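**Q** I'd like to ask you about the structure that follows.
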Amino acid sequence: MKTLFQTSLKFAAVMLLLIGGAAITAHAQGAKLQMDQLDFLANKASDTVDVKLDERLMQTTAKFFSGKDPDDAEIREVLKGVKGIYVKRFEFEREGEYSQTDLESIRSQFRSPGWSRIVSVGSKKEISIEVYLMQNGDQIEGMAVLATGAKELTVVNIIGPVDLNKLSKLEGNFGVPPVGEAIREREKKK
């Protein structure tokens with residue numbers, strides 16, 4: 001009887017660890033957006049960008065930034081801890097090549113626990129930008145940018161701890177569009 005009790009207790013402890021580990025893994029994976037449903041837009045687009053840098057590739061990529069150049073050192077610092085960068089960008093010849101339904105497949109993911117919109121800049125004439133963060137307490141676990149225009153669509157997903165003060169260093173690298181520049185240009189026009 002004592003052996004059965006000890007075996008059951010060990011089994012229960014192992015199950016709790018497995019369930020807890022699965023929950024932590026699921027939450028960490030929650031920062032990665034599912035974007036493959038947009039792949040069909042590549043057939044309609046005149047230009048496309050598709051970047052998929054997972055954690056292993058991020059470590060390899062960071063090695064290319066030697067640190068001798070001050071800009072390289074800053075980018076390398078930003079990449080520390082980043083587990084992935086994923087970008088889908090489509091540019092079209094004509095307006096109306098993608099629909100709000102296509103965008104909803106991305107936006108619906110931001111209704112998951114942890115995601116919150118921190119920036120929304122809308123325009124019917126120019127690019128509209130939405131920035132989302134996934135947080136667990138004070139820790140940022142991921143970030144996403146959705147930039148839409150009449151003839152373009154861009155989704156950027158950065159997974160891992162993100163220092164918002166340093167993030168601008170990634171603009172123009174890894175397919176990350178110059179979002180800050182677009183916002184600054186729009187502010188100048190006002």
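Values in this text are rule-based calculations from the coordinates and carry no lab data. Since the structure is predicted, the reported quantities are computational estimates derived from the model, not experimental observations. Here the Cβ is made from the backbone with ideal geometry for all residues, glycine too, and neighbour counts use every protein chain on show.
**Q** Which GluC sites (Glu not before Pro) in the range 80-116 pass both tests, a DSSP loop state and at most 16 other beta-carbon atoms within 10 Å?
**A** 93, 95
**Q** Now for a different question. Of 32/151; 52/151; 32/88, which pairs sit farther than 21 Å apart, going by alpha carbon to alpha carbon?
**A** The answer is 32/151; 52/151.
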